[in-house]
Amino acid sequence: MIGEFIMEESKKTKEAAKILVVDDVDTNRFVLRDMIQEIGHQPVLAETGEQALKLAERLLPQLIILDVAMPRMDGYEVCRILKNNVETREIPVIFISAFDDPEDMVKGFKLGGEDYITKPFIPEVVKARLRLHLKLHHTNIELQETNRRLQSSVDEQLRQLELEKKNILYALNRVASENACYDKDHMGRLCHNCRILGEAMQLSVQFEDMISDSYIETLELAAPLCDLGNMAIPVDILQKKGVLSPEEVAVMRKHTGIGARILEDIRNTNDYNDFLQMSIDIAHYHHENWDGSGYPCGLKENEIPLSAQIVSVVSAYCAITEQRSYRASYNEEEALALLQQDAGKKYNPEILEIMCKIHRQLR
C-alpha cells in the first residue's frame, strides 16, 4: 500500500502538481494562484487554517503555501497539526508572512517548515522557490521508492537464502534418517506432533507465557533436525539389529554434538536466527533427561531448553510407534504406557501429561 502511494505521488509530481495556498487575504491568494498557474501547476485555495487541514488530508497536495498571520488558527498551528498527521507530515510547507523577524522564521523551521517567504512577493523569486521545493519533493519521493524497492529486494534475497539453507539442512537430515532406517513419514510425523503438542501447551497455565505462535512455527521447522548428526554416525551402528556395545553407544551419542556443530557453523555465517538457535538447542539437548541422567551435558529439569524437552518426548513417541530394523512398532496405547513409565525420569511430567490428553490428535 505504501509503495503504491509513493509511486502514485511520484507520477502526480511529474505531471501538474497540486499546490495548496492558505491565506485569509483574497489578494494574496489570487496573486499566488496566478503564479502557480504560470509555472504549469494546479492551485487549490483555502481561506482559513481549518479549511486547509481538511483539504490537505483529502487532496494530499505536493506543496503547501501557508500564511502565518490568520485569525482563529495561525499558520504555525496549522503546520504543527500537519506535521503530527502521518498522512500529511511529508508535504513540504512554505510559510509566507509580512514579518521578517528572524525569530519568526526560526519558529517556522522548528515546526517543520521547508521555507519562509516574506511579503510583498517578488514573483520570480516565489516561482523559483516553488519549482525548487517541488523538485526536492519529487526527488524525495523517488528516493523513498528506490529504498523501498531495494529493501524489498534485499528481504527477498535473505528469504531465499534462509530457504536454501533450510532445504540443504533438510536434505542432509533425510540422509541421516535414511541411514537410520526411519520410516519415510518420520519427519512429517515429528513436525506435526510437535506442533500439536506445542499448541496444547500454549493453552495450558504452565506454559502459556513461554509459547507464542511464532515459537510453535519455529518449533515445527526445527524439530526434524534433532538427529542431523546421525549423518556422521556409521551406518552399521545406526542399522544394527542387536544391542549396541558400550563403544558403539559412545559413538552413537556423538550425534548430538555433531548436529549442534553443523548448525552452529551455519549460524556463525549470519546474524542471529531464531530457527537456527532453536535447532541447535534441539539437536544438542534432546537426549537430556528430566532427572539429569541424559547426555551430552547431564542437564536436568528446566536447565534443558523447552524446545528440546518437547522434541524429546515427541521423538520418543514417534520412534516407539514406528517399525525399526531391530523391532516391530508399538501401537498408540502401548507407546503412551511406555512413555509414562519414564515420566519425571526422562521426560518433563507436565509435558507428557498434556501429550497424553491430546494423543488422539497425534499421528
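The values are calculated or read from the model by the stated rules, or taken from the named source; none is laboratory data. Everything numeric here is computed off the predicted structure, so don't read it as measured data. Cβ placement follows ideal geometry from the backbone for every residue including glycine, while neighbour counts extend to all protein chains displayed. The accessibility values were calculated without ligands, DNA or RNA, using every heavy atom of the protein model including side chains. Shrake-Rupley method; radii C 1.70, N 1.55, O 1.52, S 1.80 Å.
Tabulated data
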{"quantity": "Subset of K54/K83; K240/K357; K241/K357; K18/K127 violating a 25 Å alpha-carbon distance limit", "calculated": "K240/K357; K241/K357"}
{"quantity": "Most mobile of P43, P71, P234 in a GNM of the chain (Cα contacts under 10 Å)", "calculated": "P71"}
{"quantity": "Neighbour net charge for V21 - beta-carbon separation under 12 angstrom, K R +1, D E -1", "calculated": "-3"}
{"quantity": "M252 accessible area, 1.4 Å probe, all protein chains in place, Å² to nearest 10", "calculated": "50"}
{"quantity": "Accessible area, probe 1.4 Å, largest first, for residues M105, M201", "calculated": "M105, M201"}
{"quantity": "Environment charge of A69, counting only residues whose C-beta is closer than 11 Å and scoring Lys/Arg +1, Asp/Glu -1", "calculated": "-4"}
{"quantity": "Choice from A308, A250, A283 showing the highest fluctuation, given a GNM over the chain with Cα pairs closer than 10 Å", "calculated": "A250"}
{"quantity": "On Cα atoms only, tilt of 213-222 relative to the major axis of the chain in degrees", "calculated": "50"}
{"quantity": "Table column - 3J(HN,Hα) (Hz), segment 126-139, Karplus curve with 6.51, -1.76, 1.60, x for Gly and Pro", "calculated": "4, 4, 4, 6, 4, 4, 4, 6, 5, 5, 4, 5, 4, 5"}
{"quantity": "Between segment 241-301 and segment 323-363, the Cα center-to-center distance that results, in Å", "calculated": "21"}
{"quantity": "Solution diffusion estimate, µm²/s, Stokes-Einstein, segment 66-127, Kirkwood Rh from C-alpha pairs, 25 °C, viscosity 0.890 mPa s", "calculated": "205"}
{"quantity": "Solvent-accessible area, 1.4 Å probe, carbon plus sulfur percent, for the chain", "calculated": "53"}
{"quantity": "From phi via Karplus (6.51, -1.76, 1.60), per-residue ³J(HN,Hα) for segment 238-244 in Hz, x at Gly/Pro", "calculated": "4, 9, 5, 7, x, 6, 6"}
{"quantity": "On Cα atoms only, tilt of 2-14 relative to the major axis of the chain in degrees", "calculated": "30"}
{"quantity": "Principal-axis tilt of helix 306-320 within the chain, Cα atoms, nearest 10 degrees", "calculated": "40"}
{"quantity": "Accessible area per residue in Å² at 1.4 Å probe, computed on the chain", "calculated": "52"}
{"quantity": "Relative contact order (percent, whole number), the chain, Cα cutoff 8 Å, 6+ residue spacing", "calculated": "12"}
{"quantity": "Cα-based Rg and Dmax for the chain, where Dmax is the largest Cα-Cα distance (Å)", "calculated": "33.9, 102"}
{"quantity": "Total formal charge among the other residues, if their Cβ is under 14 angstrom from that of A308, Lys/Arg +1 and Asp/Glu -1", "calculated": "-3"}
{"quantity": "Rounded if a/c under 1.5, otherwise prolate or oblate - segment 190-341, Cα gyration tensor axes", "calculated": "oblate"}
{"quantity": "For segment 308-363, Kirkwood radius (reciprocal of mean inverse C-alpha pair distance, Å)", "calculated": "11.4"}
{"quantity": "For I65, distant residues with modelled amide H under 5 Å away", "calculated": "L20, V21, V22, I94"}
{"quantity": "Among S307, S152, S245: highest mean-square fluctuation, GNM of the chain, C-alpha pairs under 10 Å", "calculated": "S245"}
